[in-house]
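Encoded as structure tokens, the structure appears first; notes follow it.
The values are calculated or read from the model by the stated rules, or taken from the named source; none is laboratory data. Predicted model, so just to flag it, every value in this text is computed and none were measured. No Cβ is skipped: glycine too gets one built from the backbone with ideal geometry, and neighbour counts run over all protein chains shown.
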């Protein structure tokens, strides 16, 4: 397979995908020239393509504000079309699979229309339960909802924000046992911070992140942040770094996946909304 990985930073997801099976033809694109992910790709002998988004989006940023550039604005579309021209001119064909591996830009509808359903992304939370958001926010949402475990979700990119059909989910990471383990390794009373947050939320009848942000004091917000950042780091290792290579190599590369519109089939079986769960994978 020809696999194009989009990176903007350290490229750790790209690393894990390649480690599972280096035999495929990998191409790495970045919008942030000479980032760590591209350096790793060069060391692996993989083709790298670099094109900064900043000159293309400068006018749009001035018009709409930093962080508010519309997903489908003309400037972004022009940038994306140039990106794909460079990629396809380099490899000579359309890629078999596109992996967003820490890429910090939206894909426009033009790209989704062209390559769906073979654009993948990973999210550090259960998208089927509405745990959207960046960084550690999905974990905070899970805690406030009363969940005792968290998962990473590998999904097919559509035209929404983390709304694409789910292909696979990682094995669950148990919240309290993970915090206990981190405390035993030298963390600063993460279990106590977790208990304070949970007790506060229960006492106030808070079950959503928006309500927590609106009413919690600085101490409880700080406790939530340190707990969730620690869990998020653990989930990246146990979740993102396992479900991504699993989906690419154990499911897609083996021809086990079929997608019809938004319906995902694995081994001919229609998957539930949460996709294929790794903890249900038979041994061997």
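Details
- Counted residues, the range 156-179 - those being out of contact with any helix residue (DSSP H, G or I) (no Cβ under 6 Å at 6 or more places or on another chain) and assigned to a helix (DSSP H, G or I): 3
- Residues in the range 221-245 that are under 25 Å from residue 194 (Cα atoms), crowded, with 20+ Cβ neighbours inside 10 Å and in contact with a strand residue (DSSP E or B) (Cβ under 8 Å, 6 or more places away or on another chain): 231, 235, 239, 240.
- Just one of the numbered conditions (1) in contact with a strand residue (DSSP E or B) (Cβ under 8 Å, 6 or more places away or on another chain); (2) modelled with pLDDT of 95 or more; (3) surrounded by fewer than 20 Cβ atoms within 10 Å (Cβ to Cβ) is not true of residue 113: (1).
- Filtered by the rule that a residue be surrounded by fewer than 20 Cβ atoms within 10 Å (Cβ to Cβ) and either under 16 Å from the mean Cα position of the chain (by Cα) or part of a strand (DSSP E or B) (or both), the range 246-265 gives 258, 259, 260, 263, 265.
- Of all residues making up the range 195-210, the number that are part of a helix (DSSP H, G or I), under 27 Å from the mean Cα position of the chain (by Cα) and in contact (Cβ under 8 Å) with a residue 12 or more places away in the chain: 3
- Just one of the listed residues (153, 163, 139) is within 13 Å of the chain's Cα centre (by Cα) and buried (at least 23 other Cβ atoms within 10 Å of the Cβ), namely 153.
- Look at the range 61-74: where a residue is more than 17 Å from residue 104 (Cα to Cα) and a partner is surrounded by 10 or more Cβ atoms within 10 Å (Cβ to Cβ), sitting 6+ places away or on another chain with Cβ atoms under 7 Å, you get 64/70.
- Listed here are the strands (runs of 3 or more DSSP E) enclosed by the range 24-136 that have at least 1 residues being under 30 Å from residue 230 (Cβ atoms): 25-30, 97-100, 119-123.
- The lone criterion from (1) at pLDDT 95 or above; (2) more than 23 Å from residue 122 (Cα to Cα); (3) buried (at least 16 other Cβ atoms within 10 Å of the Cβ) left unmet by residue 12 is number (2).
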